[in-house]
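Readers should treat all values here as calculations from the given coordinates under stated rules, not as data from a laboratory. Since the model is a prediction, treat every value here as computed from it, not as a measurement. In this analysis, Cβ positions are derived from the backbone assuming ideal geometry, glycine residues included, and neighbour counts consider all displayed protein chains.
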C-alpha cells in the first residue's frame, strides 16, 4: 500500500513538472522565443508610429485602419474581417544582433481566427518610427483548443510559421507574402 502511494506521488510530481515545463515552453513560443524583448508597444499600449517609405526616401505615417485595409488589399483577410488587436514587439536577430520589429494583428474573419505578423524596420534608426518592410505571415484557424494555437511567427529573413493547432476538426492555414515598396507606395497613395 505504501509502495502504491509512493508511486502515485512520484507520478503526480513528474506530471506537475511536465505541465510547468509545457506552460513555460508555450509562453516562450507565444512571446516570440528566447530572443524576444517582449515589449508590446514603445510606451504602454500606444503603438509606435507605423508607416511606409516612399520611393523618394520620405516616410509617410499610416493609421491602424490603413494597415488593416492594406492587409485586406493583399488578400490576407476579407473585407468583413474584424481585426481587434494590434501590437508591436521588438526582437534581436541572432545572426546580426540587429533589432527588428513585428506588428501583430489578430481578430476574426467570418468563422476563422486570424493572426498576422508583419515585419517592420526602424526608419532612420528611430525605434518609434517603424516602416513596413513588406513581409507578412498570416495564420487562419478553426477550432484550435489553445489560445496560442495557430499564432503567426515571422523572422527577419522572412521565414513564416504557425504554432501548432490541436482540437477536433482543428485546421491552421499559413500564407506568406512579400510586397515591394513600390506596390506599398501605390496602395497607400491611392487611399
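Run the numbers for residue 97 and residue 145: contour at 0.36 nm per residue of separation, minus the present Cα-Cα distance, in nm.
13.8 nm
For an R0 of 30 angstrom, estimate the FRET efficiency from the Cβ-Cβ distance between residue 54 and residue 78 and round to the nearest 0.05. Kindly include the intermediate steps, with their values, before the conclusion.
Numbers: r = 28 Å, r/R0 = 0.95.
The calculated FRET efficiency here is 0.60.
Could you tell me the distance between the Cα centroids of the stretch 96-118 and the stretch 150-182, to the nearest Å?
9 Å
So, in nm, how far is label residue 185 from label residue 65 when the simple model puts each one 7 Å beyond its Cα toward the Cβ?
Inter-label distance under the simple model: 2.7 nm.
How are the Cα pair distances of the stretch 40-190 distributed, in percent, across 5 Å bins from 0?
Final binned percentages: 2, 10, 19, 22, 21, 15, 7, 3, 1, 0, 0.
Compute the FRET efficiency between residue 159 and residue 85 as 1/(1 + (r/R0)^6), taking r as their Cβ-Cβ distance and R0 = 25 Å, and round to the nearest 0.05.
That pair, residue 159 with residue 85, gives E of 0.60.
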